[in-house]
Amino acid sequence: IHPLDRDATYEKLNSHFAGSTPFYQTEHRLLCKDGTYKWILDRGKIITWQEDGQPQRMIGTHTDVTERKQAEEALRESKDRYRVLYEDNPSMYFTANPLGVILSANRFCVEQLGYSEAELVGRPIFDIFLPEDRDMAHHQFTACLQNPRQTVQIEARKVRKNGELLWVRETASAVLDGRDEMVELKELSQLSNG
C-alpha cells in the first residue's frame, strides 16, 4: 500500500476488526511488481472469528479503479484550469442561458460592476446595460443565438450598481453541447475608453 494511503486504509480495516462497521471499503494505491502503483477499490468482511475474538478469516475483493481515478484527476485539473481562466480573467466574463438570464459572472465582472455574484445571477443580462444600449445588446444576443460558434462584437455602456457608466467592448458567442443544442451564451467584456 502506498505510504500516503496506509493510515487511512488501516484505520478503516481496524474499525471493521473492532466491530464498528459490518464491512470495510477503501480506495488506495497498491504497489505492483513493476514498481508502478494502481488504484484499488478494496472491500472486505470478516467471516469467522477465533475463540479469543480475533479475526480468523476474511473475504473480500480488490478492483482496479486506476482508469476512473485518472479520469477524475484529469477532470479536476481541467476544472482548475477553467477556474483560473474564468475566475482570474482580467476581463468581465458572463455566462447566460438562451433566455438571457445570467448564470455566472467572474470575479473581475463583480468587482467592476459593484454587484455581488448573487445579485447578478438570475437577473436578465440586459438589466446591466444603459437603457439606450439595451436594443443593441439584445440584437447582439439574438445574433449569437441564431449563429452559434460565431462571435459578435459591440461597444456599449453598462451601468455599475452605484449608477456610474462603464464603456465596454463586448464579444459574445453561443456555446453548444455535444448534441449541438445551445447550453449557454458566453460574453467577454473588456473595458473600453468609449
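Details
- Residues (surrounded by 11 or more Cβ atoms within 10 Å (Cβ to Cβ) and free of Cβ contacts under 8 Å to residues at least 24 places away in the same chain) located in region 154-163: 154
- From the options 69, 79, residue that is of a type in the set (D, E, K, R) and at pLDDT 90 or above: 69
- Residues in region 1-29 that are open to solvent by less than 60 Å² (accessible area, probe 1.4 Å) and in contact (Cβ under 8 Å) with a residue 12 or more places away in the chain: 1, 2, 5, 8, 9, 13, 16, 24, 26, 28, 29.
- Among the residues of region 123-147, those identified as open to solvent by less than 50 Å² (accessible area, probe 1.4 Å) and outside any strand (DSSP E or B) are 125, 126, 128, 130, 133, 137, 140, 141, 142, 143, 144.
- Members of region 30-60 that are modelled with pLDDT under 90 and surrounded by 11 or more Cβ atoms within 10 Å (Cβ to Cβ): 46, 47, 49, 55, 56, 58
- Cβ-Cβ distances below 8 Å connect the following pairs, each with a first residue in region 47-74 that is hydroxyl-bearing (Ser, Thr, Tyr), a second residue that is open to solvent by 100 Å² or more (accessible area, probe 1.4 Å), and a separation of six or more residues or different chains: 48/56; 48/57; 61/43; 63/43.
- When residues of region 102-122 are limited to those that are in contact with a strand residue (DSSP E or B) (Cβ under 8 Å, 6 or more places away or on another chain) and exposed (fewer than 14 other Cβ atoms within 10 Å of the Cβ), the one farthest from residue 169 (Cα to Cα): 122
- Per the conditions (1) over 26 Å from the mean Cα position of the chain (by Cα); (2) modelled with pLDDT of 85 or more, the sole criterion not satisfied by residue 116 is (1).
- Only one of 155, 164 that is modelled with pLDDT under 90 and more than 21 Å from residue 176 (Cα to Cα): 155
- Close pairs (6 angstrom Cβ cut-off, 6 or more residues apart or separate chains): of a type outside the set (Ser, Thr, Tyr) in region 75-90, open to solvent by 90 Å² or more (accessible area, probe 1.4 Å) anywhere: 87/107
The values are calculated or read from the model by the stated rules, or taken from the named source; none is laboratory data. Model, not experiment: these values are computed from the prediction. Positions of Cβ are generated from backbone atoms using ideal geometry, with glycine treated the same way; all protein chains shown enter the neighbour counts. These accessible areas exclude ligands, DNA and RNA; they are computed on the full protein's heavy atoms, side chains included. Shrake-Rupley method; radii C 1.70, N 1.55, O 1.52, S 1.80 Å.
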